[in-house]
Amino acid sequence: MRRVYLDHLSATPLLPEAFEAMKPYFIEAFGNASSLHQYGLQVRDAIARARSQLAALINAPSAEDIIFTSDGTESANLAIKGVAYANQRRGNHLVVSEIEHPSVLNSVEFLEKQGFTCTRVKVDGEGMVNPEDVRAAITDKTILVAVHHVNHDIGTIEPIREIGRICAEKGVPFYVDAEASAGWLPIDVQQMGASLLSFSPHKFYGPKGVGVLYRNKKARLVSILHGGVQEGGRRSGTENVPAIVGAGVAAEVALRELNQRFAHTSRLQKKLWEGLKANVPYIKLNGPEPGPRRAPHTLNISTEFIEGEGQLLMCDLNGIAVASGSSCVSKSLKISHVLAAIGLDHALAQGNIIMSLGKDTTDEDIDYVVEKFSKVVVPKLRNMSPMWDEFQRGIIDSVISPTGRGRSFTEHAAAVSGKPAH
Amino acid sequence: MSETYTLYNQTVMDHFMNPRNMGDLPDADGVGEVGAAACGDIMKISLKIQDGKITDARFKTFGCGSAIASSSMATELIKGRTVEEALNFSNQEVVDALGGLPPVKIHCSVLAEEALKAALEDYLKKHPEVAAKVQQKEAEKAATPETANA
């Protein structure tokens, strides 16, 4: 059976050259970067090289602006809490978009319990933040604005430069979560006006276990992990040297191949969506159409009358690895907060899957996915679905292409469950 | 990858991949359709009942792998049972027969029990004479000290 991996937003395979570069740092060059002898100095050099490679990927003014953490979650926690605590004498108000990653939203929620306040800026039906809404949300107590570069669920590219300009004008630090874009879209922290920006090398063929936080020297930040003075006192704890070395190589290759990867994935993204649209009736793309407002490597689709986890499982049984924002996939039994925020009908949010492409995805892979999804996955699940049958009989209507017959799926679901869907 | 890893155990996966009794019964004696408020899944069970016994059962499910497997297993378990027995059906039977479900998915088996009971209610509504008999038996049972829970 053919295997097609379409979950590059979760993890990517490590680049062989990154793996080769990492190898000496497990057994031979095992020293602790804080040690002052040959063993320590050797790895200190390796970390400095990686810092420069990562700074280059995002055009950071100085390699010293790069802080290594353990992953994206830690970077987001450090950016949000570190800036909030450092500026609490100036103010206690934060501004974030309502569709940020949970590592951002939950950090903010944590701060709210300690007396900070937050304005969650709404997004439009495609997940786009209006920069003027950010401007309106900023008060004289605002100490941080956080808006991600690309949404992790629906691939929307936010108007970061405009928001960056507003933050600069108001003198408020601006944190950009670039987890879903680094290595796929050009990033220039200076043009963006970002005071802080985070990303994870494992999303662009680097290793797991390392995260990156860029911090402009003008942005005040206090450590949230207390211990030694690693990373300039901003992040205590022994550096994960092999992962940092691998991250550096992955960043260097990503920068070199950025245009090529962008062209390749955006072409296949278009081909995949066109193929699915032409072959699967009652299917909808969530987020912007492929093009300048959408990340090149991800599609978020809702297929009506069938549920997302079932689609994921059926895809997996056919060798296709995808993700889903359906409530059945989440441990909290809630649909993705992003899909809820863009006002997607509950039935469509329930039937949602996310396909994210990579640099090694081929035309044949896309042909295979379109074929299997339209001829096996969807018909098999629709055949089992009472909703599909009830749609055929005019009892319920389609949300995507309404026929004017029958009640909505959501009304129907509320009637048979006795409670409205959340 | 040479090995195959599964999200659920082999029995659940088997019922998801090869569901038993999937479909509708055109001349069903009782049909129940219920939805889970928690997650939004929807399940429909159709029953054929003759001489107080369930002779056939079918399901249709809009839901995840464990919801499909739960409804498939419930229809397997219920066939051949009397209406009285079926009214005492518990979701735990589904969980046990499937060899267990992840804690967050237990509600899928509850949905299967609810769909079955909704189908039985539909049948009893159409057959008040059977409903009366069932009620009478229940009352007798409750009045008999030997069978009451001591």
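Just to be sure, is B:Lys105 in a helix (DSSP H, G or I) and open to solvent by 40 Å² or more (accessible area, probe 1.4 Å)?
On the way: in a helix (DSSP H, G or I): yes; open to solvent by 40 Å² or more (accessible area, probe 1.4 Å): no.
Answer is no for this residue.
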Conditions (1) surrounded by fewer than 18 Cβ atoms within 10 Å (Cβ to Cβ); (2) farther than 17 Å from B:Ala119 by Cα; (3) within 14 Å of chain A (Cβ to nearest Cβ); (4) in contact (Cβ under 8 Å) with a residue 12 or more places away in the chain; number of the one not met by B:Ala97: (3)
Helices (runs of 4 or more DSSP H) contained in region A:293-389 and holding at least 1 residues at the interface with chain B (Cβ under 9 Å from one of its Cβ atoms): A:308-317, A:346-350, A:378-384
Of residues in region B:41-66 being within 11 Å of another protein chain (Cβ to nearest Cβ) and open to solvent by 10 Å² or more (accessible area, probe 1.4 Å), the one farthest from B:Glu85 (Cα to Cα): B:Lys60
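So for region A:170-182 (the condition being in contact with a Pro (Cβ under 7 Å, 6 or more places away or on another chain) and either touching a residue at least 12 places away in the same chain (Cβ under 8 Å) or within 25 Å of A:Gly246 (Cα to Cα) (or both)), does at least one residue qualify?
no
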Residue count, region A:291-320 (criterion: open to solvent by 10 Å² or more (accessible area, probe 1.4 Å) and touching a strand residue (DSSP E or B) at 6+ places or on another chain (Cβ under 8 Å)): 3
In region A:359-386, the residues that are more than 32 Å from the chain's Cα centre (by Cα) and of a type in the set (A, V, I, L, M): A:Met384
The one condition in (1) basic (Lys, Arg); (2) more than 9 Å from chain A (Cβ to nearest Cβ); (3) within 23 Å of A:Val377 (Cα to Cα) that B:Lys125 fails to fulfil: (3)
Qualifying position, being open to solvent by 30 Å² or more (accessible area, probe 1.4 Å) and at negative phi, among A:Ser103, A:Ser70: A:Ser70
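Can you tell me which residue in region A:7-47 is surrounded by the fewest Cβ atoms within 10 Å (Cβ to Cβ), limited to those that are assigned to a helix (DSSP H, G or I) and polar (S, T, N, Q)? Break it down into steps so the answer makes sense when it comes.
Pass one, region A:7-47, residues assigned to a helix (DSSP H, G or I): A:16-25, A:38-47.
Imposing the further condition that a residue be polar (S, T, N, Q) reduces the set to A:38, A:42.
Details: A:Gln38: 9, A:Gln42: 18.
Per the criteria, the residue is A:Gln38.
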Single condition B:Glu76 does not satisfy, out of (1) within 14 Å of chain A (Cβ to nearest Cβ); (2) open to solvent by 10 Å² or more (accessible area, probe 1.4 Å); (3) closer than 26 Å to A:Met314 by Cβ: (1)
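The values are calculated or read from the model by the stated rules, or taken from the named source; none is laboratory data. All of these numbers come straight from a predicted model, not from anything done at the bench. Note that each Cβ is placed from the backbone with ideal geometry, even for glycine, and that neighbours are counted across all protein chains shown. Protein only, heavy atoms only, side chains kept; ligands, DNA and RNA dropped before computing areas. Shrake-Rupley method; radii C 1.70, N 1.55, O 1.52, S 1.80 Å.
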